[in-house]
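Reading through the structure tokens given below for one structure.
The values are calculated or read from the model by the stated rules, or taken from the named source; none is laboratory data. In this text, all values refer to a predicted model and were calculated from it rather than measured experimentally. Positions of Cβ are generated from backbone atoms using ideal geometry, with glycine treated the same way; all protein chains shown enter the neighbour counts.
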Amino acid sequence: MALGLFWATVSLCFFLTIVALDMMGFFGRKNQFDVDGRTVLITGGSQGMGRGLAKLLAQKGANVVIVARNEQKLAEALKYIASSAKDPSNQRFHSISADVTKPEENTRIITEVTEWNNGNPPDIVWANAGSAHPSLFIETPLETLRSQMDINYWAAAYLAHETLKLWIKPTFGKTSATETAKPRHFLITSSVACFAGLTGYSPYSVAKSALRSLADNLRQEINLYNGYRKGHPSKGPSADVKIHCVCPGTILSLGFEHEEQIKHPATKILEEGDPRQSEDEVASAAVKALEKGEYLVTTQFLGHAMKAGMMGGSPRSSPLVETLLTWAASVFWLFEGPKMDGKIFEYGQKNEVELPE
């Protein structure tokens, strides 16, 4: 028994050492999100996380196209992004004013970017547009519930539909290009709100949960075309396609300042102590994970823990680490879930609550 305990201890120590080394990045990986010289399209790119992403990718050598509604904000953001270019003489930058909640506008965006990119579709498309309207479900007008789905779900779904149709078109005989082409990436910005219910976020988190589900479905479906390309190189798409879902937490931005003004006090109680990131910090964390080849990306520790508890059939970025986090998250929710429920019950018990007439 003593010998068995000894080897069990040795095995556990070895396992924990491997986990620690993996977390510290000792197991080097090839960059699986190389943007140097490639064309990147980012919706919601005039401010917040989108602007931070565009700036960072410009620093890494990408040609960047940003999309938003406000032309003045676009012009200011484009100047800011271009000033960060890795190689200003060879990189190009462009902006498009569009309403991404309309399907025909997404068609126009992809067409315009393709023309601007010398007849080639963008290599990387990031469906990042979105906004939060945190409020209690029954206090939210129906038109707001619909508009939250439009900007947070349908805008990404429309863009994905238009982009993927273009990317999987057959190449007909371009075998050599097909074999050596870098993969294309379609990215969806969801939120940690897709991992757990939170009082006051019903209008927003439902749409973000739908995005996570869309990404899971697309990730598996796209393997059909990637497999066809492998088996029929002279007839398949010109490059493999990879799908990613990025789930940030609280981002310090103008949007967040607006949310704080309309957010229910009970929601603020639940969010006390949550980590917050600047647009540059969230962009850096997201891109670093993508360079490692991650599919479901979170950008800070609370998000990592929330993701681990809700992985389902999604592929693990680091099987050892996330398996341990899954166990830890399960234990965490045994205590935190009732605690959060209790905070909301207590708020209702001690404060006036508006009821519908």
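Things to note:
- Qualifying residue in segment 92-112 (condition: over 27 Å from ALA239 (Cβ atoms), within 21 Å of the chain's Cα centre (by Cα) and surrounded by 15 or more Cβ atoms within 10 Å (Cβ to Cβ)): yes
- Test set (1) touching a residue at least 24 places away in the same chain (Cβ under 8 Å); (2) within 25 Å of ASP216 (Cβ to Cβ) - ALA68 fails condition number: (2)
- Qualifying residues in segment 62-82 (those that are assigned to a helix (DSSP H, G or I) and not charged (D, E, K, R)) - the one surrounded by the most Cβ atoms within 10 Å (Cβ to Cβ): ILE81
- Every pair of residues 6+ apart whose Cβ atoms lie under 6 Å, when the first sits in segment 44-59 and is at negative phi and part of a loop (DSSP other than H, G, I, E, B) while the second is surrounded by fewer than 24 Cβ atoms within 10 Å (Cβ to Cβ) and β-branched (Val, Ile, Thr): none
- Within segment 249-290, considering residues that are surrounded by 15 or more Cβ atoms within 10 Å (Cβ to Cβ) and of a type in the set (Ser, Thr, Tyr), the one nearest to LYS30 (Cα to Cα): SER284
- Assessment of segment 294-315 against the conditions (of a type in the set (Phe, Trp, Tyr) and within 24 Å of the chain's Cα centre (by Cα)) yields at least one matching residue.
- Segment 29-40 residues that are farther than 16 Å from SER318 by Cα, paired with ones that are of a type in the set (Lys, Arg) and assigned to a loop (DSSP other than H, G, I, E, B) (beta carbon under 9 Å, 6 or more apart): PHE33/LYS292; ASP34/LYS60; ASP34/LYS182; VAL35/LYS60; ASP36/LYS60; ASP36/LYS86; ARG38/LYS182; THR39/ARG92
- In segment 107-147, the residues that are under 25 Å from HIS258 (Cβ atoms) and free of Cβ contacts under 8 Å to residues at least 60 places away in the same chain: PRO141, LEU142, GLU143, THR144, LEU145, ARG146, SER147
- Complete set of residues in segment 135-161 that are of a type outside the set (Gly, Ala, Ser) and in contact with a Phe, Trp or Tyr (Cβ under 9 Å, 6 or more places away or on another chain): LEU145, GLN148, ASN152, LEU159
- Test: residue in segment 14-34 that is more than 21 Å from HIS185 (Cα to Cα) and at pLDDT 95 or above: no
- Qualifying position, being on the phi > 0 side of the Ramachandran plot, surrounded by fewer than 18 Cβ atoms within 10 Å (Cβ to Cβ) and among the small types (Gly, Ala, Ser), among GLY337, GLY293: GLY293
- The set of residues from segment 86-120 being in a loop (DSSP other than H, G, I, E, B) and either modelled with pLDDT under 95 or farther than 26 Å from CYS247 by Cα (or both) comprises LYS86, ASP87, PRO88, SER89, ASN90, GLN91, ARG92, ASN117, ASN118, GLY119, ASN120.
- ALA239 falls short on exactly one of the conditions (1) farther than 16 Å from VAL192 by Cβ; (2) in a helix (DSSP H, G or I), and that condition is (2).
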